[in-house]
Each structure stands twice: as C-alpha cells, then as structure tokens.
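Okay, so here's the structure we're looking at.
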Amino acid sequence: MSTIGKRALLVDDEADARGVLRELLNLFCPEVTDVHEAKNSKESLEVIKAHPFDLVFIDIEIGRESGLELAEHLFTYCPNLIFVTAHDRYAIEAFDTPALHYLLKPVHPKHLRRALGKVFREVQPMKESDRVLLHLREGIFIVKPAELVYVLGDGNYSTFYMRDGRKLIASKHLAHYEELLSEKCFFRTHQSYLVHLARVEQIDTQDGLFAVLDNGDRIPLARRRKEAFIRALTR
C-alpha cells in the first residue's frame, strides 16, 4: 500500500493546536497530502461521514467534550485513530479505546513519525536532525543543523547560536538537543556546550583548553573529552 496521498483529519477545539499539527505533518510527513480540520464532535462527524480519511488525530479534551468518547464514533468511519493531548493522565484510558497511538503535546516529529509507522507500515522513520524544532517564547521555530554553530545549555533552557548571528533561546535542556544532534556532526565539548564539528577551526591550549569556532567564539573543552573530541574531528 502506497503512502502517497494520505488524508488526515485533525480534531481539536484550539485552532493554534490544529495549526501546529498541520505544520508538523507538512514538514515531516510528506505522505499526508490532504489535511482537514474540525473543532468539535459535531464537525468531525459531519466531515468524516462526507469524506473517507486514512487517519484521524483527536485531542482528548475537546472543550467540554470527551475525545475518548468521540473516538468510539469515529472508529466506525476510520480505524486509524491517534490521540494528541497535553495531559499524560489519560494514557491508560486512551489505551482502552480503538486508538492506535497516543501523542503528548508538544508533539515531537520523531514520535509523530513513529505513530504514522503504526498506521502505515511502509512509513520510514524520520532521519533525526534533518530539522530541529525549537520551542521559543514566540512559538515553534524550525532550523537545520547546518545553520547552527553551537548550543549553550543553562538549566532547562538552551541558547542556539546561529551562523547568521542570531541567538534563539529554546525551552528544553541541552541533553534533549544532544540526543537529536549527536549523529549530525555535533559534539558535547563541555557540560554546557554542544558544538558543530564543521565549525571548529582550532583547539587552543593556551590558558586552558578551548575549541575555537569559525565565528571566533572560544568554547570550553573538558580535558576528559579531548581525545574523543579529536577522534570526532578526524572522522
């Protein structure tokens, strides 16, 4: 079964939430080419009765309505149901419904791809770090690893230093981004720093140990990581 031309229905009472999920599908799920939206149970049933769908994403709390109850009705028209919610307390109840998967907001592209893999077996896993989603105060910002120079972690926040000079502060800790970027030429030189190996011009041993980047910044390099860092640079 080909994944080209799949149709999806997004059921959520919040327009912004529907917009974010629509954008994620557009960016990371090219097999989903036709996306429709509904803001409540009545709308979703009207839409799904009028058009066949390959999968349905349902918020568990749709205003004062229950997405868990709605799933039972939608299942008659489309067996491929995926819950999307900001509340993990519904997980056990969700697994008692016909839904195939359960996603927590904010939805991570990797988890979205995994959910689609349960629906369409031929869906390929997303190549991690082809794009990175940054949750900023202004909204979700999408960057490519090639646009980054390094990342500075500070508690639950990470500052992304871009090649064009911008600084983007994201509300995730550095370990989260290390997991995403470690296979894309990034290295954790220090507890608080993650650097793009292609931006390293020099290892400076004067007055300490530093990785000098092509933008002139000197990034601390932990001595216990020096040998691994050199091996990573020469790979």
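Would you calculate a helix-derived [θ] at 222 nm for the chain, using -39,500 (n - 2.57) for each DSSP H run of n ≥ 4 and dividing by the full residue count, to the nearest 500? Don't skip to the end; give the middle numbers.
Details: 7 runs with 64 residues, N = 235.
Result for the chain: -7500 deg cm²/dmol, rounded to the nearest 500.
Roughly how many Å² is the accessible area per residue of the chain, as a whole number, for a 1.4 Å probe? Could the numbers behind the result be given before it?
Working: 12790 Å² over 235 residues.
Each residue of the chain exposes 54 Å² on average to a 1.4 Å probe.
Which aspartates and glutamates, if any, have their Cα less than 13 Å from the Cα of residue 118, not counting same-chain residues under 8 positions apart?
Result set, ordered by chain and number: 54.
For an R0 of 35 angstrom, estimate the FRET efficiency from the Cβ-Cβ distance between residue 227 and residue 14 and round to the nearest 0.05. All intermediate terms of the calculation are to be shown ahead of the outcome.
Numbers: r = 50 Å, r/R0 = 1.43.
E(calc), rounded to 0.05, equals 0.10.
Using only alpha carbon pairs under 8 Å that are at least six residues apart, calculate the relative contact order of the chain and give it in whole percent. Don't skip to the end; give the middle numbers.
Details: 415 pairs, mean separation 24.6, N = 235.
RCO, the chain: 10 percent.
Starting from the stretch 139-235, pick out the GluC sites (Glu not before Pro) whose DSSP state is loop and whose Cβ has at most 15 other Cβ atoms within 10 Å. Numbers along the way, then the final one.
Working: sites: 147, 178, 179, 183, 201, 227; in loops: 183.
Sparse-neighbourhood loop GluC sites (Glu not before Pro): 183.
Leaving out ligands, DNA and RNA, and with a 1.4 Å probe, what % of the accessible surface on the chain is carbon or sulfur? Provide the component values of the computation, followed by the final result.
On the way: 6090 of 12790 Å².
Carbon and sulfur: 48 percent of the exposed surface of the chain.
Give me the tail of P(r) for the chain as a percent: Cα-Cα pairs with distance above 28 Å. All intermediate terms of the calculation are to be shown ahead of the outcome.
Working: 11576 of 27495 pairs.
Percentage above 28 Å: 42.
Using a simple spin-label model with points 7 Å from Cα along the Cα→Cβ vector, what separation in nm is obtained for residue 131 and residue 162?
1.5 nm
Assuming R0 = 35 Å, what is the FRET efficiency of residue 178 and residue 40, from their Cβ-Cβ distance, to the nearest 0.05? Could you put the intermediate results ahead of the total?
On the way: r = 41 Å, r/R0 = 1.16.
Here the calculated transfer efficiency is 0.30.
Measure up 6/49; 6/110; 110/172 against 25 Å on the Cα-Cα distance and list the ones that go over. Please report the intermediate quantities before stating the final value.
Values: 6/49 17 Å; 6/110 19 Å; 110/172 16 Å.
Where the Cα-Cα span goes over 25 Å, no listed pair is concerned, since all stay within it.
The values are calculated or read from the model by the stated rules, or taken from the named source; none is laboratory data. Since we're looking at a predicted model, the values are computed, not measured. Virtual Cβ from ideal backbone geometry, glycine too; neighbours counted across all protein chains shown. Ligands, DNA and RNA are excluded from the accessible area calculation, which covers all protein heavy atoms including side chains. Shrake-Rupley method; radii C 1.70, N 1.55, O 1.52, S 1.80 Å.
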